[in-house]
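Down below is the structure, laid out as C-alpha coordinates.
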Amino acid sequence: MPVGSTRASVSLVKLTMLGSGVRAPFVLRGLAVAQAELGLDEVVLHDTDPERLELMTALGGHLCAEWGARFTVRGEADARAAVAGARFVFSAIRPGQEAARAVDEEVPLKHGVLGQETTGPGGFAMALRTIPAMLAYARLIEEKAPNALLVNFTNPVGIVMQALHDHSSVRAVGICDGPISMQRSVAAFLGLPRERVHADYFGLNHCGWIHRVLVDGRDRLPELLDRFEDLQAADAQWRLFDPGLVRAIGMLPMEYLYFYYYRDQAVAHIRGSGSSRGRQLQKLNDALWPVLRSCVDAGDLPGARAAWERAMSERDATYFARERGESSSEDEPDEDDDVFAGEGYGGVATAVMAAAVQRRKVPLILNVPNRGAIGGLRDDDVVEVTCLADEHGAHPLAQGAMPVAALALVGQVKLYERLTVTAAVEGSYDAALGALLAHPLVASYPAAKAILDGYVDDLSGLLPPLGRRSDVP
(Lines give C-alpha, C1' and ligand atoms only; values in the text may rest on other atoms or scores of the structure.)
Protein backbone atom coordinates (compact mmCIF):
# COMPACT_ATOMS: atom_id res chain seq x y z
CA MET A 1 0.00 0.00 0.00
CA PRO A 2 1.41 3.47 -0.81
CA VAL A 3 2.98 5.37 2.07
CA GLY A 4 0.64 8.31 1.53
CA SER A 5 -2.59 6.29 1.79
CA THR A 6 -4.96 6.87 4.70
CA ARG A 7 -4.94 3.31 6.03
CA ALA A 8 -1.16 3.00 5.88
CA SER A 9 -0.62 6.36 7.58
CA VAL A 10 -2.43 5.12 10.71
CA SER A 11 0.58 2.98 11.61
CA LEU A 12 3.19 5.55 10.66
CA VAL A 13 5.12 7.67 13.14
CA LYS A 14 4.44 11.06 11.61
CA LEU A 15 5.83 14.51 12.29
CA THR A 16 4.21 17.60 10.82
CA MET A 17 6.15 20.81 10.26
CA LEU A 18 3.96 23.92 10.23
CA GLY A 19 5.86 26.53 8.25
CA SER A 20 8.26 25.79 5.40
CA GLY A 21 10.47 28.84 5.47
CA VAL A 22 14.16 29.05 4.68
CA ARG A 23 15.18 27.54 8.01
CA ALA A 24 13.20 24.30 7.56
CA PRO A 25 16.34 22.33 6.53
CA PHE A 26 17.86 22.92 9.97
CA VAL A 27 14.96 21.05 11.57
CA LEU A 28 15.15 18.28 8.98
CA ARG A 29 18.85 17.92 9.73
CA GLY A 30 18.10 17.46 13.43
CA LEU A 31 15.47 14.85 12.61
CA ALA A 32 17.86 12.97 10.33
CA VAL A 33 20.62 12.94 12.95
CA ALA A 34 18.22 11.70 15.64
CA GLN A 35 16.25 9.27 13.45
CA ALA A 36 17.35 6.18 15.40
CA GLU A 37 15.91 7.66 18.58
CA LEU A 38 12.79 9.13 17.02
CA GLY A 39 11.73 6.26 14.77
CA LEU A 40 10.02 8.60 12.31
CA ASP A 41 8.45 7.19 9.18
CA GLU A 42 7.14 10.37 7.63
CA VAL A 43 7.76 14.12 7.83
CA VAL A 44 5.00 16.26 6.35
CA LEU A 45 5.69 19.89 5.51
CA HIS A 46 2.83 22.38 5.47
CA ASP A 47 2.75 26.03 4.50
CA THR A 48 0.15 28.55 3.40
CA ASP A 49 2.38 29.58 0.47
CA PRO A 50 2.18 26.83 -2.21
CA GLU A 51 5.46 27.78 -3.93
CA ARG A 52 7.43 27.96 -0.70
CA LEU A 53 5.99 24.58 0.28
CA GLU A 54 6.92 23.04 -3.08
CA LEU A 55 10.48 24.35 -3.06
CA MET A 56 11.26 23.44 0.56
CA THR A 57 9.76 19.98 0.09
CA ALA A 58 12.02 19.41 -2.92
CA LEU A 59 15.14 20.76 -1.21
CA GLY A 60 14.32 19.09 2.11
CA GLY A 61 13.72 15.73 0.47
CA HIS A 62 17.02 16.00 -1.40
CA LEU A 63 18.94 16.89 1.75
CA CYS A 64 17.36 14.10 3.78
CA ALA A 65 18.25 11.58 1.07
CA GLU A 66 21.85 12.80 1.15
CA TRP A 67 21.89 12.41 4.93
CA GLY A 68 20.56 8.87 4.68
CA ALA A 69 17.28 9.61 6.42
CA ARG A 70 14.93 6.65 6.51
CA PHE A 71 11.77 8.75 6.73
CA THR A 72 9.94 10.17 3.73
CA VAL A 73 9.45 13.90 3.21
CA ARG A 74 6.36 15.24 1.50
CA GLY A 75 4.42 18.47 1.28
CA GLU A 76 0.75 18.91 2.14
CA ALA A 77 -1.10 22.13 1.40
CA ASP A 78 -4.23 21.16 3.34
CA ALA A 79 -3.68 21.91 7.03
CA ARG A 80 -6.15 19.34 8.30
CA ALA A 81 -4.58 16.55 6.29
CA ALA A 82 -1.09 17.70 7.26
CA VAL A 83 -1.85 17.53 10.98
CA ALA A 84 -4.06 14.42 11.02
CA GLY A 85 -2.54 11.55 12.98
CA ALA A 86 0.74 13.31 13.77
CA ARG A 87 2.73 12.13 16.78
CA PHE A 88 4.64 15.42 16.80
CA VAL A 89 3.95 18.86 15.36
CA PHE A 90 6.79 21.34 14.96
CA SER A 91 5.72 24.94 14.47
CA ALA A 92 7.72 27.79 12.93
CA ILE A 93 5.21 29.99 11.15
CA ARG A 94 5.61 33.67 10.26
CA PRO A 95 2.40 35.40 9.14
CA GLY A 96 3.30 38.27 6.83
CA GLN A 97 6.85 36.96 6.33
CA GLU A 98 9.88 39.27 6.36
CA ALA A 99 7.98 42.18 4.79
CA ALA A 100 5.77 42.37 7.88
CA ARG A 101 8.76 41.87 10.16
CA ALA A 102 10.41 44.89 8.57
CA VAL A 103 7.34 46.97 9.41
CA ASP A 104 7.35 45.55 12.95
CA GLU A 105 10.87 46.85 13.42
CA GLU A 106 10.70 50.13 11.52
CA VAL A 107 7.55 51.64 13.05
CA PRO A 108 8.93 51.96 16.61
CA LEU A 109 12.31 53.16 15.36
CA LYS A 110 10.54 56.26 13.99
CA HIS A 111 9.69 57.12 17.59
CA GLY A 112 13.10 56.35 19.07
CA VAL A 113 11.99 52.97 20.44
CA LEU A 114 13.71 49.64 19.83
CA GLY A 115 12.66 47.84 16.67
CA GLN A 116 13.55 44.14 16.99
CA GLU A 117 11.86 40.94 15.88
CA THR A 118 10.83 39.53 19.27
CA THR A 119 11.72 42.17 21.87
CA GLY A 120 9.64 45.28 22.51
CA PRO A 121 7.05 46.57 20.01
CA GLY A 122 8.40 44.39 17.19
CA GLY A 123 7.57 41.25 19.15
CA PHE A 124 4.21 42.76 20.07
CA ALA A 125 3.19 43.29 16.43
CA MET A 126 4.42 39.84 15.47
CA ALA A 127 2.43 38.31 18.34
CA LEU A 128 -0.77 40.08 17.27
CA ARG A 129 -0.42 38.50 13.80
CA THR A 130 0.72 35.12 15.01
CA ILE A 131 -1.48 34.22 17.98
CA PRO A 132 -4.73 33.91 15.98
CA ALA A 133 -2.98 31.71 13.41
CA MET A 134 -1.42 29.49 16.08
CA LEU A 135 -4.70 29.11 17.94
CA ALA A 136 -6.35 28.08 14.66
CA TYR A 137 -3.70 25.39 14.23
CA ALA A 138 -4.25 24.38 17.86
CA ARG A 139 -7.94 23.76 17.09
CA LEU A 140 -6.88 21.46 14.24
CA ILE A 141 -4.43 19.60 16.46
CA GLU A 142 -7.11 19.15 19.14
CA GLU A 143 -9.42 17.66 16.51
CA LYS A 144 -7.09 15.71 14.21
CA ALA A 145 -4.11 14.81 16.42
CA PRO A 146 -5.23 15.13 20.06
CA ASN A 147 -2.31 13.10 21.41
CA ALA A 148 0.36 15.03 19.51
CA LEU A 149 3.10 17.00 21.24
CA LEU A 150 3.48 20.47 19.75
CA VAL A 151 7.08 21.70 19.78
CA ASN A 152 6.77 25.43 19.24
CA PHE A 153 9.50 27.58 17.70
CA THR A 154 7.05 30.17 16.38
CA ASN A 155 8.14 33.60 17.58
CA PRO A 156 7.69 35.32 19.90
CA VAL A 157 7.92 31.93 21.60
CA GLY A 158 6.99 32.95 25.14
CA ILE A 159 3.89 34.96 24.17
CA VAL A 160 2.70 32.31 21.72
CA MET A 161 3.14 29.66 24.41
CA GLN A 162 1.14 31.80 26.87
CA ALA A 163 -1.69 32.00 24.34
CA LEU A 164 -1.59 28.24 23.69
CA HIS A 165 -1.60 27.49 27.42
CA ASP A 166 -4.47 29.88 28.18
CA HIS A 167 -6.67 29.21 25.15
CA SER A 168 -6.12 25.61 24.03
CA SER A 169 -5.74 22.09 25.40
CA VAL A 170 -2.81 21.18 23.15
CA ARG A 171 0.24 19.68 24.83
CA ALA A 172 2.94 22.16 23.91
CA VAL A 173 6.57 22.89 24.72
CA GLY A 174 8.33 26.07 23.60
CA ILE A 175 11.95 25.96 22.47
CA CYS A 176 14.71 28.50 21.88
CA ASP A 177 18.30 27.92 20.83
CA GLY A 178 19.67 30.86 22.88
CA PRO A 179 19.93 29.19 26.32
CA ILE A 180 21.36 25.95 24.91
CA SER A 181 23.98 28.01 23.06
CA MET A 182 24.91 29.66 26.35
CA GLN A 183 25.21 26.29 28.09
CA ARG A 184 27.27 24.86 25.24
CA SER A 185 29.58 27.89 25.33
CA VAL A 186 30.13 27.58 29.07
CA ALA A 187 30.84 23.85 28.79
CA ALA A 188 33.38 24.42 26.00
CA PHE A 189 35.09 27.11 28.07
CA LEU A 190 35.35 24.71 31.00
CA GLY A 191 36.68 22.00 28.68
CA LEU A 192 33.77 19.66 29.32
CA PRO A 193 31.07 17.93 27.27
CA ARG A 194 27.77 19.83 27.50
CA GLU A 195 26.14 16.84 29.21
CA ARG A 196 28.56 17.25 32.15
CA VAL A 197 27.43 20.81 32.78
CA HIS A 198 24.06 21.50 34.40
CA ALA A 199 22.88 25.07 33.84
CA ASP A 200 20.11 26.47 36.03
CA TYR A 201 18.34 29.13 33.99
CA PHE A 202 15.34 31.32 34.75
CA GLY A 203 13.39 34.12 33.12
CA LEU A 204 11.18 34.56 30.08
CA ASN A 205 11.94 33.83 26.46
CA HIS A 206 14.68 36.27 25.35
CA CYS A 207 14.79 37.68 28.88
CA GLY A 208 16.66 35.28 31.15
CA TRP A 209 19.87 34.39 32.96
CA ILE A 210 22.04 31.41 33.89
CA HIS A 211 22.24 31.70 37.67
CA ARG A 212 24.00 28.44 38.56
CA VAL A 213 26.48 26.20 36.70
CA LEU A 214 26.90 22.79 38.30
CA VAL A 215 29.75 20.42 37.51
CA ASP A 216 29.90 17.31 39.70
CA GLY A 217 27.71 19.10 42.21
CA ARG A 218 29.90 22.20 42.50
CA ASP A 219 28.77 25.64 41.32
CA ARG A 220 31.28 26.97 38.80
CA LEU A 221 29.42 30.26 38.18
CA PRO A 222 31.71 32.31 40.51
CA GLU A 223 34.70 31.17 38.45
CA LEU A 224 32.96 32.14 35.21
CA LEU A 225 32.15 35.60 36.57
CA ASP A 226 35.75 36.10 37.69
CA ARG A 227 37.06 35.00 34.29
CA PHE A 228 34.36 36.65 32.19
CA GLU A 229 36.93 38.46 30.01
CA ASP A 230 38.39 35.07 29.08
CA LEU A 231 34.90 33.76 28.30
CA GLN A 232 34.37 36.76 26.01
CA ALA A 233 37.62 36.05 24.22
CA ALA A 234 36.57 32.44 23.69
CA ASP A 235 33.04 33.17 22.39
CA ALA A 236 31.78 36.35 20.73
CA GLN A 237 28.22 35.98 22.04
CA TRP A 238 29.37 37.27 25.45
CA ARG A 239 31.00 40.43 24.06
CA LEU A 240 27.72 42.33 24.13
CA PHE A 241 28.07 42.84 27.88
CA ASP A 242 30.63 44.74 29.95
CA PRO A 243 32.33 42.49 32.55
CA GLY A 244 31.45 45.01 35.25
CA LEU A 245 27.75 44.67 34.43
CA VAL A 246 27.85 40.88 34.47
CA ARG A 247 29.64 40.79 37.82
CA ALA A 248 27.22 43.34 39.25
CA ILE A 249 24.16 41.25 38.39
CA GLY A 250 25.96 38.04 39.42
CA MET A 251 24.50 35.98 36.56
CA LEU A 252 25.20 35.24 32.90
CA PRO A 253 22.69 37.17 30.76
CA MET A 254 21.24 35.82 27.53
CA GLU A 255 22.07 37.99 24.53
CA TYR A 256 18.65 39.61 24.08
CA LEU A 257 19.05 41.31 27.45
CA TYR A 258 21.41 43.61 25.57
CA PHE A 259 18.29 45.46 24.43
CA TYR A 260 17.36 46.19 28.04
CA TYR A 261 20.80 46.86 29.54
CA TYR A 262 21.95 48.94 26.52
CA ARG A 263 18.62 50.28 25.25
CA ASP A 264 19.76 53.66 23.90
CA GLN A 265 22.92 52.22 22.37
CA ALA A 266 20.99 49.46 20.59
CA VAL A 267 18.47 51.92 19.14
CA ALA A 268 21.24 54.26 18.00
CA HIS A 269 23.14 51.41 16.33
CA ILE A 270 20.10 50.09 14.48
CA ARG A 271 19.00 53.53 13.33
CA GLY A 272 22.54 54.35 12.28
CA SER A 273 22.80 51.18 10.18
CA GLY A 274 20.31 52.61 7.70
CA SER A 275 18.08 49.53 7.67
CA SER A 276 16.36 47.02 9.92
CA ARG A 277 17.29 43.36 10.29
CA GLY A 278 13.88 42.43 8.90
CA ARG A 279 14.47 44.48 5.75
CA GLN A 280 17.91 42.91 5.36
CA LEU A 281 16.46 39.38 5.59
CA GLN A 282 13.61 40.28 3.26
CA LYS A 283 16.16 41.26 0.63
CA LEU A 284 18.17 38.09 1.24
CA ASN A 285 15.13 35.81 1.00
CA ASP A 286 13.67 37.66 -2.00
CA ALA A 287 16.91 36.90 -3.83
CA LEU A 288 17.00 33.26 -2.70
CA TRP A 289 13.53 32.02 -3.65
CA PRO A 290 13.86 32.70 -7.43
CA VAL A 291 17.19 30.87 -7.46
CA LEU A 292 15.62 27.89 -5.70
CA ARG A 293 12.74 28.02 -8.21
CA SER A 294 15.16 27.94 -11.12
CA CYS A 295 17.24 25.11 -9.65
CA VAL A 296 14.23 22.95 -8.79
CA ASP A 297 12.69 23.47 -12.23
CA ALA A 298 15.99 22.43 -13.82
CA GLY A 299 16.29 19.38 -11.57
CA ASP A 300 19.48 20.85 -10.08
CA LEU A 301 18.92 20.08 -6.41
CA PRO A 302 22.67 20.21 -5.58
CA GLY A 303 22.59 23.75 -6.99
CA ALA A 304 19.58 24.55 -4.83
CA ARG A 305 21.46 23.31 -1.79
CA ALA A 306 24.51 25.43 -2.64
CA ALA A 307 22.38 28.56 -3.09
CA TRP A 308 20.55 27.92 0.16
CA GLU A 309 23.79 27.35 2.09
CA ARG A 310 25.29 30.60 0.76
CA ALA A 311 22.21 32.52 1.90
CA MET A 312 22.23 30.89 5.34
CA SER A 313 25.94 31.63 5.75
CA GLU A 314 25.30 35.30 5.00
CA ARG A 315 22.35 35.34 7.37
CA ASP A 316 24.44 33.83 10.17
CA ALA A 317 27.43 36.10 9.55
CA THR A 318 25.33 39.26 9.90
CA TYR A 319 23.41 38.10 12.99
CA PHE A 320 23.31 40.86 15.66
CA ALA A 321 25.79 42.93 13.61
CA ARG A 322 23.71 46.11 13.24
CA GLU A 323 22.59 45.86 16.87
CA ARG A 324 26.24 45.81 17.93
CA GLY A 325 27.00 48.74 15.68
CA GLU A 326 29.13 46.71 13.27
CA SER A 327 29.03 46.98 9.49
CA SER A 328 28.22 43.92 7.43
CA SER A 329 31.75 43.99 6.02
CA GLU A 330 33.00 43.02 9.49
CA ASP A 331 30.95 39.83 9.33
CA GLU A 332 31.62 38.35 5.91
CA PRO A 333 30.60 34.68 5.74
CA ASP A 334 33.35 32.06 5.69
CA GLU A 335 32.83 29.76 2.73
CA ASP A 336 34.35 26.90 4.72
CA ASP A 337 31.80 27.20 7.54
CA ASP A 338 29.31 24.37 7.92
CA VAL A 339 25.87 25.96 8.22
CA PHE A 340 24.68 22.82 10.04
CA ALA A 341 27.41 23.01 12.71
CA GLY A 342 26.15 23.02 16.29
CA GLU A 343 22.83 21.84 17.66
CA GLY A 344 20.70 24.96 17.27
CA TYR A 345 16.94 24.85 17.69
CA GLY A 346 16.74 21.73 15.53
CA GLY A 347 18.79 19.94 18.17
CA VAL A 348 16.62 21.23 21.01
CA ALA A 349 13.45 20.20 19.19
CA THR A 350 14.69 16.70 18.49
CA ALA A 351 15.93 16.33 22.09
CA VAL A 352 12.40 17.11 23.35
CA MET A 353 10.89 14.57 20.97
CA ALA A 354 13.53 11.91 21.65
CA ALA A 355 12.90 12.22 25.40
CA ALA A 356 9.22 11.51 24.71
CA VAL A 357 9.87 8.55 22.41
CA GLN A 358 12.57 7.00 24.57
CA ARG A 359 10.69 7.69 27.82
CA ARG A 360 13.71 9.15 29.53
CA LYS A 361 14.24 12.34 31.49
CA VAL A 362 16.48 14.91 29.78
CA PRO A 363 17.45 18.30 31.29
CA LEU A 364 16.64 21.08 28.81
CA ILE A 365 15.89 24.81 29.03
CA LEU A 366 12.34 25.21 27.73
CA ASN A 367 9.26 27.44 27.75
CA VAL A 368 6.53 25.97 29.97
CA PRO A 369 4.02 27.09 32.64
CA ASN A 370 5.88 28.16 35.78
CA ARG A 371 4.19 25.85 38.30
CA GLY A 372 6.22 27.34 41.14
CA ALA A 373 9.62 27.09 39.45
CA ILE A 374 10.29 30.82 39.87
CA GLY A 375 9.22 32.46 43.10
CA GLY A 376 7.17 35.64 42.71
CA LEU A 377 5.44 34.61 39.45
CA ARG A 378 2.07 32.97 38.91
CA ASP A 379 1.89 29.22 38.43
CA ASP A 380 0.31 29.70 34.99
CA ASP A 381 2.85 32.25 33.78
CA VAL A 382 4.77 30.72 30.88
CA VAL A 383 8.46 31.05 31.71
CA GLU A 384 11.77 29.86 30.29
CA VAL A 385 13.49 27.60 32.81
CA THR A 386 15.56 24.47 33.21
CA CYS A 387 13.21 21.49 32.88
CA LEU A 388 13.19 17.74 32.74
CA ALA A 389 11.62 16.59 29.47
CA ASP A 390 10.10 13.12 29.18
CA GLU A 391 7.17 11.29 27.57
CA HIS A 392 4.70 13.45 29.50
CA GLY A 393 6.11 16.78 28.30
CA ALA A 394 8.40 19.16 30.17
CA HIS A 395 8.52 19.66 33.92
CA PRO A 396 10.08 22.87 35.29
CA LEU A 397 12.69 22.50 38.00
CA ALA A 398 12.52 24.74 41.05
CA GLN A 399 14.79 27.74 40.55
CA GLY A 400 13.99 29.67 43.72
CA ALA A 401 13.68 33.42 44.09
CA MET A 402 15.12 35.78 41.52
CA PRO A 403 17.22 38.78 42.48
CA VAL A 404 14.88 41.73 43.02
CA ALA A 405 16.04 43.70 39.95
CA ALA A 406 15.67 40.68 37.66
CA LEU A 407 12.21 39.85 39.03
CA ALA A 408 11.09 43.46 38.53
CA LEU A 409 12.07 43.30 34.85
CA VAL A 410 10.54 39.86 34.31
CA GLY A 411 7.34 40.86 36.06
CA GLN A 412 6.91 43.92 33.87
CA VAL A 413 7.61 41.98 30.67
CA LYS A 414 5.21 39.23 31.78
CA LEU A 415 2.46 41.82 32.27
CA TYR A 416 3.11 43.05 28.73
CA GLU A 417 2.96 39.47 27.40
CA ARG A 418 -0.39 38.76 29.06
CA LEU A 419 -1.92 42.00 27.79
CA THR A 420 -0.67 41.19 24.29
CA VAL A 421 -2.41 37.79 24.42
CA THR A 422 -5.61 39.51 25.53
CA ALA A 423 -5.34 42.04 22.70
CA ALA A 424 -4.84 39.29 20.10
CA VAL A 425 -7.59 37.00 21.37
CA GLU A 426 -10.22 39.63 22.19
CA GLY A 427 -9.35 42.16 19.49
CA SER A 428 -8.98 44.86 22.12
CA TYR A 429 -7.37 48.17 21.18
CA ASP A 430 -7.22 49.14 24.86
CA ALA A 431 -5.41 45.93 25.81
CA ALA A 432 -2.99 46.45 22.90
CA LEU A 433 -2.30 49.99 24.04
CA GLY A 434 -1.88 48.78 27.61
CA ALA A 435 0.58 46.13 26.49
CA LEU A 436 2.85 48.64 24.79
CA LEU A 437 2.54 51.06 27.70
CA ALA A 438 3.52 48.28 30.12
CA HIS A 439 6.61 47.26 28.17
CA PRO A 440 9.74 48.70 29.85
CA LEU A 441 11.24 49.59 26.46
CA VAL A 442 8.23 51.81 25.65
CA ALA A 443 6.77 53.05 28.96
CA SER A 444 5.38 56.21 27.36
CA TYR A 445 1.74 56.81 26.47
CA PRO A 446 2.38 59.09 23.46
CA ALA A 447 4.96 56.66 22.07
CA ALA A 448 2.77 53.62 22.75
CA LYS A 449 -0.24 55.14 21.01
CA ALA A 450 1.79 56.40 18.03
CA ILE A 451 3.40 52.98 17.57
CA LEU A 452 0.11 51.11 17.87
CA ASP A 453 -1.63 53.40 15.39
CA GLY A 454 1.34 53.04 13.06
CA TYR A 455 0.94 49.27 13.13
CA VAL A 456 -2.82 49.51 12.56
CA ASP A 457 -2.16 51.65 9.48
CA ASP A 458 0.90 49.87 8.06
CA LEU A 459 -0.12 46.26 8.80
CA SER A 460 -3.69 46.60 7.58
CA GLY A 461 -5.18 43.17 6.92
CA LEU A 462 -2.48 41.35 8.89
CA LEU A 463 -3.55 42.28 12.43
CA PRO A 464 -6.71 41.09 14.17
CA PRO A 465 -9.46 43.74 14.31
CA LEU A 466 -8.70 45.83 17.39
CA GLY A 467 -12.15 47.28 17.91
CA ARG A 468 -12.43 50.97 18.61
CA ARG A 469 -9.44 53.30 18.45
CA SER A 470 -9.06 55.53 21.47
CA ASP A 471 -10.26 59.08 20.83
CA VAL A 472 -7.81 60.48 23.37
CA PRO A 473 -5.10 62.41 21.45
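The values are calculated or read from the model by the stated rules, or taken from the named source; none is laboratory data. Remember, it's a predicted structure, so these values are computed and weren't measured experimentally. So basically every Cβ, Gly included, is an ideal-geometry build from the backbone, and we count neighbours across all protein chains shown. To get the accessible areas, we keep the full protein, side chains included, count just its heavy atoms, and leave off ligands, DNA and RNA. Shrake-Rupley method; radii C 1.70, N 1.55, O 1.52, S 1.80 Å.
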Filtered residues of the range 131-181 (kept if closer than 20 Å to Arg80 by Cα, over 12 Å from the mean Cα position of the chain (by Cα) and open to solvent by less than 10 Å² (accessible area, probe 1.4 Å)):
Ile131, Met134, Ala138, Ile141, Ala145, Ala148, Leu149, Leu150, Leu164
Determine if the range 106-126 includes at least one residue that is touching a Ser or Thr at 6+ places or on another chain (Cβ under 6 Å), of a type in the set (Asp, Glu) and either at pLDDT below 95 or surrounded by fewer than 24 Cβ atoms within 10 Å (Cβ to Cβ) (or both).
yes
For the structure I just gave you, tell me whether Ala268 is farther than 16 Å from Arg23 by Cα, modelled with pLDDT of 95 or more and aliphatic (A, V, I, L, M).
yes
Against the condition within 22 Å of the chain's Cα centre (by Cα) and surrounded by fewer than 19 Cβ atoms within 10 Å (Cβ to Cβ), how does Leu407 come out, does it pass?
no
Somewhere in the range 46-62, is a residue within 22 Å of Val357 (Cβ to Cβ), assigned to a loop (DSSP other than H, G, I, E, B), of a type in the set (D, E, K, R) and at pLDDT 95 or above?
no
Given Leu63, Leu59, Leu53, which one is in contact with a His (Cβ under 8 Å, 6 or more places away or on another chain), more than 29 Å from Gln265 (Cα to Cα) and among the hydrophobic types (A, V, I, L, M, F, W, C)?
Leu53
In the range 365-380, anything open to solvent by 10 Å² or more (accessible area, probe 1.4 Å) and either at negative phi or part of a helix (DSSP H, G or I) (or both) is listed as Ile365, Pro369, Gly375, Leu377, Arg378, Asp379, Asp380
With the condition kept exactly as written, say whether any residue in the range 426-433 is farther than 24 Å from Tyr258 by Cβ, open to solvent by 10 Å² or more (accessible area, probe 1.4 Å) and in a loop (DSSP other than H, G, I, E, B).
yes
Single condition Ala102 does not satisfy, out of (1) out of contact with any Pro (no Cβ under 9 Å at 6 or more places or on another chain); (2) part of a loop (DSSP other than H, G, I, E, B); (3) of a type in the set (A, V, I, L, M, F, W, C):
(2)
Using beta carbons and a limit of 8 Å, which pairs, at least six apart or on different chains, have the first residue in the range 232-256 and in contact (Cβ under 8 Å) with a residue 40 or more places away in the chain and the second one of a type in the set (Asp, Glu)?
Gln237/Glu255; Leu240/Glu255
